[in-house]
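The structure appears right after this line, and notes come after that.
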Amino acid sequence: MPLERIRFIDEPELDLEGQRVFVRVDFNVPLDKKSGAVVDDERIRAALPTLKHIADAGAKLVLASHLGRPKGKRNSAYDMEAVGTRLSELTGWDVHMPEDLVGDGPLKVISDLRPGRVCLLENLRFDPGEEKNDPSFAKQLAALCDYYVNDAFGAAHRAHASVDALPRLMRERFMGLLMRSEVQALEQIVKNPAKPFVAILGGAKVADKLGVIERLLGKCTTLCIGGAMGNTLLAAQGADLRASRVEQGELARGRSLLARASEFGVELLLPSDVVVAESPEASTGEAVSISAIPAGQMALDVGPATLEAFAARIEQAKTVFWNGPMGLFENPAFAAGTLGLARALANSAAYSVIGGGDSAAAVRRAGAEVVEKIGFISTGGGAALELCEGRNLPGIESLRMPG
Ligand code: ADP
Ligand code: MG
């Protein structure tokens, strides 16, 4: 029961007026390498309902996130400046940004904040205590606040200080609105999905995803697999993928997965055709059958026949879960499979959930009219997968009240 004994920040009797409310957000957004500006602000937007709720209640908002991998050291390439600017543009709020992460500096800024006003702390990963889940760093964070809220679903699978040790120190700890909708959407997929339930897997991180596929085998009607993940399973079946990206170390697990799918009576679709080219940078590709990939070429997208087969399953489905792009969609020459699948999902009446950072970005590329028709697009990559796998997430467990 993932949400058992968890309090939510929109609890009706809660009086937040004048209280210092710490919100762990996931503002780990992509930045432009040259200008340092925020390239995609989806994660900031996704947290706004929680933040507005707390600000409207007259609390002092203390926001904190990690950004990139500064590895426990201050690094101006990863400071929160650009994030604070974008937050301010999106909300009209005057965002106060103390220089130090913890200690007297932020304490003073927060104590001077007027109700409903906002302070954004520096990158949590500037302190080595964050990733080490260090209790003394957590204590310093706890000194800054009266209430704790976690709305950082994308970081919920990491036992870091702001996600794990800190909430355990706080008597008043709550889940935010984004995190609640994430957990509810994913729960609906893994618990009692309406059938036919079609799961579509793709992308590159094969080792990370085999566990999820194994769990989905017991639930789904049809499993469609494309992308580099599809390559690996085709190779496990003995196909010659030529120069394609294949995870050689996962072939044995791939074979056992294929065997288990047939034990479970799950229909498993692998690509019958692919779009090939000589390199990922090629400006065009050619669709060929799986058995006819020319020497030296690599499969970079699923072909039209495969897309049609996957789309036909989606049309019949009542529930769809999709993780992992169908190809190297970052190059428009190899985006047709992924974008076509996104459109098929938008046109279907099924309840659809998309998880995975790259998958979400790919679907947004298909346009607002597609995004609008998707049931739920998760902001969490690894966290969404671990939840689907049935694992306990530190960011959820640490919020649970004693039973
Ligand atoms: P997600 O973030 O949605 O979980 P992954 O991180 O597993 O997805 O995989 C996304 C990456 O996989 C993308 O960068 C995409 O270019 C790459 N990819 C997908 N299919 C292929 C392929 N056939 N060959 C090479 N790379 C691929
Ligand atoms: Mg990814």
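The values are calculated or read from the model by the stated rules, or taken from the named source; none is laboratory data. Here the structure is a predicted model, which means the values were calculated and not measured. Backbone-built Cβ (ideal geometry, glycine too); neighbour counts: all protein chains shown. Side chains included, ligands, DNA and RNA excluded: accessible areas come from the protein's heavy atoms. Shrake-Rupley method; radii C 1.70, N 1.55, O 1.52, S 1.80 Å.
Here are some notes:
- Segment 104-254, dipole about Cα centre (Lys/Arg Cβ +1, Asp/Glu Cβ -1), debye to the nearest 20: 420
- For segment 20-179, share of DSSP beta bridges that run antiparallel, in % to the nearest 5: 5
- Protection proxy ranking of 256-262, 290-296 - average other beta-carbon atoms within 10 Å, highest first: 256-262, 290-296
- Accessible solvent surface per residue of the chain, calculated while the other protein chains remain in place, 1.4 angstrom probe, Å²: 42
- By DSSP, the beta bridges lying fully in the chain are antiparallel in about 20 percent of cases.
- For segment 20-179: rounded, prolate or oblate by the Cα gyration tensor [a/c cutoff 1.5]: rounded
- Surface share of carbon and sulfur [accessible, 1.4 angstrom probe, percent] for the chain: 47
- Assigned charges on the beta-carbon of Lys, Arg, Asp, Glu; the chain dipole about Cα centre (debye): 660
- Label-reachable residues, segment 26-55, where backbone N falls under 11 Å from a point 7 Å from E330's Cα toward its Cβ: none
- Cα Rg over Rh - the chain, Kirkwood: 1.01
- Cross-link partners of K139 among aspartates and glutamates (Cα-Cα below 16 Å; sequence separation of 8 or more within a chain): D100, D104, D127, E130, E131, D164, E172
- 19 Å cut-off, amide nitrogen to a point 7 angstrom out along A77 Cα→Cβ, residues in segment 24-43: 28-40
- Phi-based couplings in Hz for segment 328-333 (Karplus 6.51, -1.76, 1.60; Gly and Pro marked x): 7, 5, 4, 9, x, 5
- Local electrostatic count at V198 - Lys and Arg +1, Asp and Glu -1, tallied over other residues with Cβ under 13 Å: +2
- Length added when fully stretched, A292-N392, from 0.36 nm per residue minus Cα-Cα: 31.6 nm
- Listed pairs K52/K73; K191/K373; K318/K373; K33/K108; K33/K71 exceeding 24 Å between Cα atoms: K52/K73; K33/K108
- Modelled FRET efficiency - R0 51 Å, E13 with A305, Cβ distances, 0.05 increments: 0.30
- The order of the peptides 211-218, 62-69 by mean Cβ neighbours within 10 Å, most packed first, is 62-69, 211-218.
- Segment A159-E187, extension gain: residue separation times 0.36 nm, minus the distance between their alpha carbons: 8.0 nm
- A77 sits among other residues whose Cβ lies under 14 Å from its own Cβ, and their net charge, with Lys and Arg +1 and Asp and Glu -1, is +3.
- In a fully extended conformation the segment linking S88 and R255 would gain 55.0 nm over its present Cα-Cα distance, using 0.36 nm per residue.
- On the basis of the beta-carbon distance and an R0 of 51 Å, S136 and F264 show a calculated FRET efficiency of 0.60.
- Estimated distance in nm for a label pair at T284 and V39, the labels positioned 7 Å out from Cα along Cα-to-Cβ: 2.8
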